[in-house]
Amino acid sequence: YFQSNIEGEIIDKLHEVGFSFDGIVINAGGYSHTSVAIGDAVAAISTLVIEVHISNTSAREKFRHQSMMAAHCVGVISGMGLDSYRYAIDKFTRMI
């Protein structure tokens, strides 16, 4: 588990664990829609990543409809509340 509100720390953590973990569940919050750098970090690692959002980002402001990470993730789970995390972990346990 890792939490940070700092873009660079999120990137550093992805680079640190992105070649050795079985899977990464990431909720980058607002950075999902604005951070090309986090998207690039996800694209650069070999560990599979699932992007999660507690809210349904498609039902929110237009700028939240596009994620900078989604194209580099194995999947995206959105709008399922805190269950989004459980669903992502469940998916990884079925894949591994």
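The values are calculated or read from the model by the stated rules, or taken from the named source; none is laboratory data. Note that the structure is predicted; figures quoted are calculated from it, not measured. Quick reminder, even Gly has a Cβ in these numbers, built from the backbone with ideal geometry, and neighbours come from all protein chains shown. The accessibility values were calculated without ligands, DNA or RNA, using every heavy atom of the protein model including side chains. Shrake-Rupley method; radii C 1.70, N 1.55, O 1.52, S 1.80 Å.
Calculate, for the chain, the solvent-accessible area per residue in square angstrom, rolling a 1.4 angstrom probe over the heavy atoms of the protein chains. Spell out each step's value before the answer.
Details: 5800 Å² over 96 residues.
Result: 60 Å² of accessible area for each residue.
What figure, in Å² to the nearest 10, do you get for the accessible area of H15 with a 1.4 Å probe and non-protein molecules left out?
Counting only protein heavy atoms, H15 exposes about 90 Å² to solvent.
Per-residue accessible area for T57 at 1.4 Å probe radius, Å² rounded to 10?
20
Show that you can apply the helix-only estimate: for the chain, add -39,500 (n - 2.57) for every DSSP H stretch of four or more residues, divide by all residues, and state [θ] at 222 nm to the nearest 500.
Details: 4 runs with 37 residues, N = 96.
Using -39500 (n - 2.57) per qualifying helix, the result is -11000 deg cm²/dmol.
Heavy-atom accessible area of M95 with all protein chains present, probe 1.4 Å, nearest 10 Å²?
The accessible area comes out at roughly 80 Å².
Among L48, L14, L82, which one shows the biggest mean-square fluctuation in a GNM of the chain, springs joining Cα atoms closer than 10 Å?
Taking springs between Cα atoms under 10 Å, the residue moving most is L82.
I want to verify a result. In a Gaussian network model of the chain, Cα cutoff 10 Å, which of these has the top mean-square fluctuation: E61, E16, E51?
Its mean-square fluctuation being the largest, the pick is E61.
What spacing in nm lies between the two simple spin-label points modelled at Y87 and A44, each 7 Å away from Cα in the Cβ direction?
Taking the two extended label points, one gets 3.0 nm.
If you rank K91, K13, K62 by how much accessible surface each has, with a 1.4 Å probe, what is the order from largest down? Walk me through the numbers on the way to the answer.
Values: K91 105, K13 60, K62 170 Å².
Order by accessible area, largest first: K62, K91, K13.
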